[in-house]
Ligand code: PMP
Ligand code: GLU
């Protein structure tokens, strides 16, 4: 019998990608599914970025790149971090990877020993817990439900810290809730973390530019913890480049070197063509980022107002990213014919089968009782999906 390692058998499948796959299969069978499951911008990559990639092909960027990425790209990222976040990193402190996903996994595998504890505010993006599992670390979830706008307090953070805590993983704007920590709220967390010099802060800032609050604070900008903070970011969301697979870590030099060593053994440098495209993204005109942000904000307003009209959904107003995370427990115990809705997973399946709208069960983000909807789709799709959801939910008795 073929053996699959315990390491991989213990890993859960990515529920965001699984639900998206399921909706694609239904679509292929001719079912008119609206896919609000996977979170990725529906815009095309801006023209000047595509042109840069075409030029890179013609200019023969066809060889292996340096493992941590082209120096020109790392310089462009360093300049962007300084201009946008006021944080200063040398290019040597930056490692470019195959998406923010690989950058995150590199840092976790590089810094976590078996048995180390990683504090993760929940709900949290599907892959964090599984990455910690790969490193044989232990996730310590700190729950923050809708009543606290899905944001943890300094007191909760302090209570979760033990002598085995090695890392705190933050994500703002958040996937799956869209919550954005203010500068003051982050300062509150930093005031706790400054008492624990052995804890590394891993800050996933991939939704930095999809922010409706008008201001953004990077975790890297607090001098008290700057020497042990690692920032994750990339081009996937801000520049509508999910398929190009370019993300990066920026942090202490030893960690950057260790990530580069790890990456050198299992993937080498990221795609050379995609790196040249990313360089154009960071150095080229930035109006495209603002245009897409505005479109997402308009859709946020639309989806929130439509969701507020649906009896039984409890909704917050997301301040960033492109997700809505309504609480749905009022539907538990209800039925549609023989079908009983016991939890959010049943509800997500019901919405897929009956409303033909794909969403994701909140349990995939470590908070049962909720579902996640991505509104990174057209206004028409949002209107139609919310109408279908409203009608399907009204049929539950
Ligand atoms: N972090 C979060 C919170 C995300 O939502 C995503 C997108 N799935 C990633 C990281 C990974 O982004 P990338 O496409 O750059 O790998
Ligand atoms: N950010 C997306 C999501 O959460 C991408 C899918 C993934 O990589 O998980 O849906």
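Inside segment 169-208, residues that are assigned to a loop (DSSP other than H, G, I, E, B), within 20 Å of the chain's Cα centre (by Cα) and away from ligand 1 (no atom under 16 Å from the Cβ) make up a count of 1. Would a scan of segment 329-343 turn up a residue that is within 16 Å of ligand 2 (Cβ to nearest atom), assigned to a strand (DSSP E or B), in contact (Cβ under 8 Å) with a residue 60 or more places away in the chain and out of contact with any helix residue (DSSP H, G or I) (no Cβ under 7 Å at 6 or more places or on another chain)? No, segment 329-343 contains no residue that is within 16 Å of ligand 2 (Cβ to nearest atom), assigned to a strand (DSSP E or B), in contact (Cβ under 8 Å) with a residue 60 or more places away in the chain and out of contact with any helix residue (DSSP H, G or I) (no Cβ under 7 Å at 6 or more places or on another chain).
Which members of segment 150-161 meet the condition of being under 12 Å from residue 139 (Cα atoms) and either out of contact with any helix residue (DSSP H, G or I) (no Cβ under 8 Å at 6 or more places or on another chain) or free of Cβ contacts under 8 Å to residues at least 24 places away in the same chain (or both)?
The initial filter retains those residues of segment 150-161 that are under 12 Å from residue 139 (Cα atoms), namely 160-161.
Of everything in segment 150-161, just one residue is under 12 Å from residue 139 (Cα atoms) and either out of contact with any helix residue (DSSP H, G or I) (no Cβ under 8 Å at 6 or more places or on another chain) or free of Cβ contacts under 8 Å to residues at least 24 places away in the same chain (or both), namely 160.
Within segment 73-95, being in contact (Cβ under 8 Å) with a residue 60 or more places away in the chain, within 21 Å of residue 285 (Cα to Cα) and loosely packed, with under 13 Cβ neighbours inside 10 Å holds for one residue alone: 86. How many of the residues making up segment 27-69 are touching a residue at least 12 places away in the same chain (Cβ under 8 Å), outside any loop (DSSP other than H, G, I, E, B) and away from ligand 2 (no atom under 16 Å from the Cβ)? Total satisfying the criteria: 9. If you go through segment 221-250 and keep only what is assigned to a loop (DSSP other than H, G, I, E, B), within 16 Å of ligand 1 (Cβ to nearest atom) and under 19 Å from residue 172 (Cβ atoms), you end up with 235, 236, 237, 238. Counting residues in segment 209-220 that are buried (at least 24 other Cβ atoms within 10 Å of the Cβ) and in a helix (DSSP H, G or I) gives one or more.
Does residue 144 meet the test of being more than 19 Å from residue 231 (Cα to Cα) and in contact with a helix residue (DSSP H, G or I) (Cβ under 8 Å, 6 or more places away or on another chain)? It is true that residue 144 is more than 19 Å from residue 231 (Cα to Cα) and in contact with a helix residue (DSSP H, G or I) (Cβ under 8 Å, 6 or more places away or on another chain). Residues in segment 1-26 that are under 25 Å from the mean Cα position of the chain (by Cα) and part of a loop (DSSP other than H, G, I, E, B): 10, 11, 12, 13, 14.
Rule-based calculations on the coordinates, nothing more; no lab input. Source: prediction; values computed, not measured. For neighbour counting, all protein chains shown are included, and Cβ atoms are generated from backbone atoms with ideal geometry for every residue, glycine included.
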